[in-house]
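Notes to accompany the following structure.
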Amino acid sequence: MLDKLSLSVLVSAVGVLLVVFELVRRRKLEEGYSLLWLAAGLLLVVLPIARGALDRVAAAFGVAYPPSALFLVGFLAITIILLYFSTVISRLARQNREAAQRIGLLQWRLGELERRLAERADR
């Protein structure tokens, strides 16, 4: 039998899984990014149900009340997700900066070509 804390974590994790599936279905979240959320949600669904696994996780981290270990697991999962998304954002920011620089160079070249054509047309 699940205690109230485990049950609330289980219900919340199922809710997160449903939201992730819906976001992927509506194409608001890419499948690749959803994998981390799905893994975290599944972990938080399995741990309250598999009480033995939860007890082992709690003992490994030195948590006296095993259902409290669910919050630790959730915190670690979200930390990993945030770190992953930080690397993705950093990569996209770098690509954005490089694209802006290339656009600037292309605009300059286009301006130079237009200037040269205008000079030739004036001759």
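In segment 23-32 there is no residue that is modelled with pLDDT under 95, within 22 Å of residue 73 (Cβ to Cβ) and small (Gly, Ala, Ser).
The helices (runs of 4 or more DSSP H) found wholly in segment 1-73 and carrying at least 3 residues that are on the phi < 0 side of the Ramachandran plot and of a type in the set (D, E, K, R) occupy 4-25, 51-61.
Exactly one residue among 122, 55 is surrounded by fewer than 10 Cβ atoms within 10 Å (Cβ to Cβ) and of a type in the set (D, E, K, R), and that residue is 122.
State whether the residues of segment 25-33 include one that is among the aliphatic types (A, V, I, L, M) and farther than 17 Å from residue 67 by Cα. Yes; the residues of segment 25-33 include at least one that is among the aliphatic types (A, V, I, L, M) and farther than 17 Å from residue 67 by Cα. In segment 95-114, the residues that are of a type outside the set (Gly, Ala, Ser) never reach a residue that is in a helix (DSSP H, G or I) and surrounded by 10 or more Cβ atoms within 10 Å (Cβ to Cβ) with C-beta atoms less than 9 angstrom apart, at least six apart or across chains. Of the residues making up segment 1-19, those that are hydrophobic (A, V, I, L, M, F, W, C) and touching a residue at least 24 places away in the same chain (Cβ under 8 Å) are 2, 5, 7, 9, 10, 13, 14, 16, 17. Taking the criterion of being under 15 Å from residue 12 (Cβ atoms) and among the hydrophobic types (A, V, I, L, M, F, W, C), the residues of segment 40-68 that qualify are 40, 42, 43, 44, 45, 46, 47, 49.
The values are calculated or read from the model by the stated rules, or taken from the named source; none is laboratory data. If you're wondering where the values come from, they're calculated on a predicted model, not measured in any experiment. Every residue, glycine as well, gets a Cβ built from its backbone with ideal geometry; the counts of neighbours run over all protein chains shown.
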